[in-house]
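Notes follow once the structure below has been shown.
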Amino acid sequence: MIDRTVFAQRREKLRRLMKIKKFDALLISGATNRYYLSGFELHDPQPGESAGCLLITLRHGDWLCTDGRYTDAAARLWDVNKILQYRGNAASEIGALASGLSGVCTVGIETRLVSHDFYLDFEAAAKGCSLERGDYLAEELRLFKDEEEIRLMKASCRLNHEMLAWLPAILQPGRSEAEVAWEIEKYFREHGAEELAFPSIVGVDRNAALPHCIPSHDTVIQEDCMVLTDVGCRLNRYCSDQTRVFWIGDHPSDQYLRTLDAVREAQNRAIQTMHPGMKTSDADAVARKYFAELGLDAHFTHGLGHGVGLETHEPPSLHARNKMTLEPGMIVTVEPGLYFPEWGGIRWEYMVLIREDGVEIL
């Protein structure tokens, strides 16, 4: 697990961004950002519920705001004098806290992550404070993984690789997609993962043409068929995400082999050209151009990849519309795919770390 001092260092980096924005305080309400900056509660309990917020200030320290369900957990990692236990309207009580701190005039809020009612209640209680949009400041820090995060993500990837090496023994005729998905989840949990990074995707034959296929009890593996699996675990809070395809039987079809070769070559070409300073859209274009040369680009229906970290999908996105540049410390997927609704689909996915001199496949 991450040393607690790392969370304090991250908040200091965030304060530097706040100064640029001229924020006296910043309210962090997103669950993943909250954990990234404090080590407190990676998940909220239920949709529409919150485990709490952070109020990061320039001159008055940092406050962890939560309710009675979490005060003991908060006290185990936070200065108890900087814990606000709200008992009624969370937004109003946190707003009153902000307005009561001397010199706090401008407060940034993650507006995309709070409800309209929360914003209005906070605004009403934060008398004398001007509210500004404070979205994506924490995400800007999360783009770049430090060495400890890289270590943890490599461990998560390693467990994923181990599961994928074991998986062919489970891919037997007669097993349903849903049964395979359950065996994958059991393996991850029995080997140390806290949970899945996302619901496992298992698609047999035509269902492999559905990039986000939901495993079914009705579709079973047959002799001489293909199975696409897109799987990931969360180990020590960090996610892995890898897609592989398997042929069940001794005689893979020509279409399977041709499509697999095309996908792997597109992936290889993209990885070989990726480097710091490259636009994410240009990385996507490398794979897309190769598919176009084969007359197959219409069958590549999504972007080349996405960032991974505390969330399975986080910035940067590798697609044609995103002009963000790749920089050292980013971890992204490279996952070209070709999909044919009448036949099936093939996707192959690596996670790669952007290094100063290129990329490292995890």
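Numbers at a glance
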{"read-out": "Any strands (runs of 3 or more DSSP E) falling wholly within region 304-362 and containing at least 1 residues that are without any contact (Cβ under 8 Å) to a residue 24 or more places away in the chain and surrounded by fewer than 20 Cβ atoms within 10 Å (Cβ to Cβ)", "value": "358-361"}
{"read-out": "ARG69 vs. criteria over 18 Å from ALA124 (Cα atoms), without any contact (Cβ under 8 Å) to a residue 60 or more places away in the chain and assigned to a loop (DSSP other than H, G, I, E, B)", "value": "yes"}
{"read-out": "Scope region 82-117; condition of a type in the set (A, V, I, L, M, F, W, C), in contact (Cβ under 8 Å) with a residue 60 or more places away in the chain and outside any loop (DSSP other than H, G, I, E, B); matching residues", "value": "ILE94, ALA98, VAL107, ILE109, LEU113"}
{"read-out": "For GLY134: the one exception among (1) within 20 Å of LEU37 (Cα to Cα); (2) touching a helix residue (DSSP H, G or I) at 6+ places or on another chain (Cβ under 9 Å); (3) small (Gly, Ala, Ser); (4) open to solvent by 20 Å² or more (accessible area, probe 1.4 Å)", "value": "(4)"}
{"read-out": "Given (1) open to solvent by 60 Å² or more (accessible area, probe 1.4 Å); (2) of a type outside the set (Ser, Thr, Tyr); (3) modelled with pLDDT under 95, index of the condition HIS191 fails", "value": "(3)"}
{"read-out": "Contacts under 8 angstrom Cβ, first residue in region 263-288 being closer than 19 Å to MET330 by Cα and part of a helix (DSSP H, G or I), partner open to solvent by less than 10 Å² (accessible area, probe 1.4 Å) and among the aromatic types (Phe, Trp, Tyr), 6 or more apart", "value": "none"}
{"read-out": "Tally of residues being farther than 23 Å from PHE118 by Cα, in a loop (DSSP other than H, G, I, E, B) and among the acidic types (Asp, Glu) across region 1-42", "value": "1"}
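The values are calculated or read from the model by the stated rules, or taken from the named source; none is laboratory data. Everything numeric here is computed off the predicted structure, so don't read it as measured data. Please note: Cβ atoms are built from the backbone with ideal geometry, for glycine as well, and neighbour counts cover all protein chains shown. We work out accessible area using only protein heavy atoms, side chains counted, and drop any ligands, DNA or RNA first. Shrake-Rupley method; radii C 1.70, N 1.55, O 1.52, S 1.80 Å.
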